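Have a look at the structure below before the remarks.
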Amino acid sequence: MKYLFGAGLARKIAVAGVALALAGCSFLQKENFTVGGEITDQGQECVTFRAEDGTLYALANKASRLRPGDKVRITGHLALMTTCTEATTLIVDKIVLLAPAD
């Protein structure tokens, strides 16, 4: 009986640890920033965006209606985990089309 009690306690501690780790990830993930640049055609899985400073980002959401060459301003935060493999991934909170592609 003592063994079962210890196993149950260990499981509860493990679950609490995972919950705290995920809560910490969510907190760290929400550091929003805004950056301007241009949609590119460098992505295969996700839409890609070249910031004005030259950084290439993959956009995880809200960008499917955009075309390469569109000038945009994006507000979002870095993704901790993603299926986009092209570049550092942004979770887009807001995207503004500044000028459509020519």
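Being of a type in the set (Gly, Ala, Ser), modelled with pLDDT of 90 or more, surrounded by 10 or more Cβ atoms within 10 Å (Cβ to Cβ) and assigned to a loop (DSSP other than H, G, I, E, B): is that true of Gly36 here? Considered against the rule, which asks whether it is of a type in the set (Gly, Ala, Ser), modelled with pLDDT of 90 or more, surrounded by 10 or more Cβ atoms within 10 Å (Cβ to Cβ) and assigned to a loop (DSSP other than H, G, I, E, B), Gly36 comes out as no. Per the conditions (1) of a type outside the set (S, T, N, Q); (2) touching a residue at least 40 places away in the same chain (Cβ under 8 Å); (3) out of contact with any Asp or Glu (no Cβ under 7 Å at 6 or more places or on another chain), the sole criterion not satisfied by Ala60 is (2).
Taking the stretch 46-102 as the search range and keeping residues that are among the hydroxyl-bearing types (Ser, Thr, Tyr) and assigned to a loop (DSSP other than H, G, I, E, B), which one is modelled with the lowest pLDDT? Please lay out each step first, then the result.
At the first step, the residues of the stretch 46-102 found to be among the hydroxyl-bearing types (Ser, Thr, Tyr) are 48, 55, 57, 64, 75, 82-83, 85, 88-89.
Filter once more, so that each one left must be assigned to a loop (DSSP other than H, G, I, E, B): 55, 64, 82-83, 85.
Values: Thr55: 94, Ser64: 77, Thr82: 82, Thr83: 84, Thr85: 84.
Ranking the candidates gives Ser64 first.
Select from the stretch 39-58 the residues that are surrounded by 17 or more Cβ atoms within 10 Å (Cβ to Cβ) and over 21 Å from Asp102 (Cβ atoms) and list them in ascending order. Break it down stepwise before answering.
Within the stretch 39-58, the first condition is being surrounded by 17 or more Cβ atoms within 10 Å (Cβ to Cβ), and the residues that meet it are 39-40, 43, 46-49, 57-58.
If the condition is that a residue be surrounded by 17 or more Cβ atoms within 10 Å (Cβ to Cβ) and over 21 Å from Asp102 (Cβ atoms), then Cys46, Tyr57, Ala58 are the ones that fit.
The values are calculated or read from the model by the stated rules, or taken from the named source; none is laboratory data. All figures in this text were calculated on a predicted structure; none of them were measured in a lab. No Cβ is skipped: glycine too gets one built from the backbone with ideal geometry, and neighbour counts run over all protein chains shown.
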